[in-house]
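Everything below concerns the one structure shown next.
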């Protein structure tokens with residue numbers, strides 16, 4: 001059981017061009033900033049946006065192939081979708097919402113109601129069968145949407161920002177529930193989110209999208225351990241540089257050369273944790289091989305530590321204590337020296 | 001919230017405007033011969049006119065739903081050259097003097113009209129001066145109200161519900177009947193009621209295209225107008241009946257117009 005999607009299309013200012021493969025057993029989260037094309041990718045897989053080139057194959061069945069002129073319409077794809085604000089039909093009861101898909105796919109009214117009732121039982125909402133969806137809480141609506149998408153037994157479940165419509169207080173609980181339901185669904189599972197916490201909590205594998213392209217994929221540990229885009233680096237909170245490795249050093253695109261003990265050869269990423277970056281008033285003289293002058297661009301307090309952005313030949317974020325900021329008299333525009341050891345630079349091929 | 005201070009000039013003009021609407025209604029209520037109401041209402045011609053009016057206006061509304069809803073859908077959902085022109089043509093009767101509409105209907109469906117002459121020669125079928133003609137005249141004038149109301153409803157509905165239905169396996173017909181139409185239910189209802197009310201009051205196009213034959217084409221408004229010459233009291237009473245019907249329509253649509261959610 002697998003999904004292969006190669007999607008190329010243009011929608012407004014978005015040019016989506018990416019390939020995605022989903023295998024049995026994994027929960028995959030597409031993660032990316034707003035406007036990266038995550039939702040469009042989901043809609044393309046569901047057949048709601050036409051591809052300009054590419055194809056979608058699910059379980060060996062070609063759902064779309066622009067080359068061969070194949071397009072299986074959305075309603076005939078064995079795909080369940082949980083939409084961002086759920087889109088529960090306001091004129092139907094909760095039970096009829098869940099029964100809708102079973103009925104639409106050819107089940108008799110009796111079978112549909114029976115199945116819907118069983119699903120409501122499963123998501124713990126049997127007592128609300130006769131209610132209108134508007135009367136439910138956000139978390140309950142989310143569960144109805146999930147039950148509605150799963151009731152017709154799809155092979156692939158797509159979830160678009162499944163927790164975004166919820167307030168913070170209920171989100172953690174709903175996320176736990178969702179994780180459990182995702183685990184018990186035997187088909188393929190793909191969700192979209194802009195929230196890294198949600199992605200890491202729910203998915204076995206992350207697919208990072210930026211500007212309509214896949215920039216990185218891997219387990220949450222792999223992606224956060226070796227970011228391959230500024231977006232992920234910012235999420236994780238590390239400094240990400242890119243350049244040409246040359247046995248112990250990395251020449252950055254901007255021209256500066258940093259010492260990096262692990263560097264060998266080829267195009268590489270270099271990460272430096274902000275905690276490893278020290279700040280000085282005067283040029284320090286000591287063991288760190290990397291010493292650069294710079295100007296403080298911004299100073300931000302983040303959970304007890306201060307993140308200081310220093311602009312210079314090598315622009316980096318340093319994380320220091322509030323005490324150090326006071327002692328050094330750091331403020332926007334201050335001249336400082338930053339230093340980090342060459343052993344603190346993580347290097348991996350680009 | 002503090003009440004806004006009303007400039008005197010505006011208050012006076014507004015009061016005159018209000019009186020302009022209220023006085024005629026008062027006139028109708030006060031001058032109607034209430035004692036004769038029952039006799040007037042049960043007179044044979046009245047009952048006939050009332051029956052015909054109801055049958056014709058309900059039929060015109062049914063026609064409006066059958067043909068107007070698809071037209072509204074086409075206007076709301078399809079992009080094609082000439083769409084705006086077509087919409088303008090189908091809503092023209094809203095601003096056209098009804099008499100002109102009646103004459104236009106005669107020229108199209110009359111015995112010697114564009115289509116009418118063919119209907120006559122091929123099937124021996126004539127439309128003008130029949131009850132069917134009344135229904136046509138009323139539909140011609142009233143259907144545009146339904147079309148624009150339903151089109152507005154279709155345009156303002158959240159189309160993502162249709163996508164959700166498709167993603168659940170619903171084909172076009174199921175999406176339309178189970179999701180789209182129920183979601184625009186309030187617009188459908190309002191459009192139908194407006195259409196029916198307009199059809200019920202239709203005068204100009206009806207008398208021009210269908211004539212004024214008691215029991216066949218003489219609807220309430222026609223009867224009221226004729227009674228004004230022969231039996232004023234009865235015409236007042238019938239007017240009152242039509243007024244009550246209009247009030248009922250207003251009450252039915254109050255959420256839409258008076259905004260009392």
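Values in this text are rule-based calculations from the coordinates and carry no lab data. Since we're looking at a predicted model, the values are computed, not measured. Virtual Cβ from ideal backbone geometry, glycine too; neighbours counted across all protein chains shown.
Tabulated data for the structure shown
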{"quantity": "Tilt relative to chain A, helix A:109-122 - C-alpha long axis, 0 to 90 degrees, to 10", "calculated": "40"}
{"quantity": "For chain B, built as a Gaussian network whose Cα springs stay under 10 Å, the top-fluctuating residue of B:206, B:130, B:42", "calculated": "B:42"}
{"quantity": "Sorted by Cβ neighbour density within 10 Å, fewest at the top, the residues B:117, B:187", "calculated": "B:117, B:187"}
{"quantity": "Chain B - Rg and Dmax from Cα coordinates, angstrom", "calculated": "21.8, 72"}
{"quantity": "Label-to-label distance, nm, for residues given as residue A:219 and residue B:123 (7 Å Cα→Cβ offset)", "calculated": "7.6"}
{"quantity": "Cα principal axis extents for the protein assembly as shown, largest first, Å", "calculated": "117, 69, 51"}
{"quantity": "Chain A: angle of helix A:138-150 to the longest principal axis, Cα-based, in degrees nearest 10", "calculated": "60"}
{"quantity": "Orientation-averaged projected area, Cα convex hull of the range A:76-197 (nm²)", "calculated": "7.1"}
{"quantity": "Estimated 222 nm signal from helices in chain A, with DSSP H stretches of n ≥ 4 weighted -39500 (n - 2.57), rounded to 500", "calculated": "-7500 deg cm²/dmol"}
{"quantity": "Whole-Å distance, taken between Cα centres, linking the range A:9-64 and the range B:137-166", "calculated": "33"}
{"quantity": "Helix axis angle, A:168-184 relative to chain A longest principal axis, alpha carbon, degrees", "calculated": "60"}
{"quantity": "For A:79, B:22, order by how many other beta-carbon atoms lie within 10 Å, fewest first", "calculated": "B:22, A:79"}
{"quantity": "10 Å Cβ neighbours from other chains, averaged over peptide A:150-160", "calculated": "1"}
{"quantity": "Packing-based exposure ordering (other Cβ within 10 Å, fewest first) of B:111, A:141, B:254", "calculated": "B:254, B:111, A:141"}
{"quantity": "For the range B:77-207, Kirkwood radius (reciprocal of mean inverse C-alpha pair distance, Å)", "calculated": "16.8"}
{"quantity": "Cα radius of gyration and Dmax for the range A:1-138 (Å)", "calculated": "17.4, 49"}
{"quantity": "D_trans [Stokes-Einstein, Kirkwood Rh over alpha-carbon pairs] for the range B:29-148, 37 °C, 0.692 mPa s, µm² s⁻¹", "calculated": "197"}
{"quantity": "Number of partner chain Cβ atoms within 10 Å, mean per residue of B:155-167", "calculated": "6"}
{"quantity": "Gaussian network model of chain A, springs between alpha carbon atoms under 10 Å - residue of A:58, A:191, A:31 with greatest fluctuation", "calculated": "A:58"}
{"quantity": "Space enclosed by the convex hull of the alpha-carbon atoms of the range A:2-233, per residue, Å³", "calculated": "122"}
{"quantity": "Against the rule of thumb 2.2 N^0.38 Å, how large the Cα Rg of the range A:182-248 comes out", "calculated": "1.29"}
{"quantity": "Peptide B:169-180, shielding by other chains (average Cβ, 10 Å cutoff)", "calculated": "4"}
{"quantity": "Relative contact order (%) - criterion: Cα under 8 Å, at least six apart; region: chain B", "calculated": "30"}
{"quantity": "Cβ crowding within 10 Å averaged over residues, with B:223-234, B:161-172 ranked highest first", "calculated": "B:161-172, B:223-234"}
{"quantity": "Reference-scaled alpha-carbon Rg (2.2 N^0.38 Å with N residues) for the range A:237-349", "calculated": "1.03"}
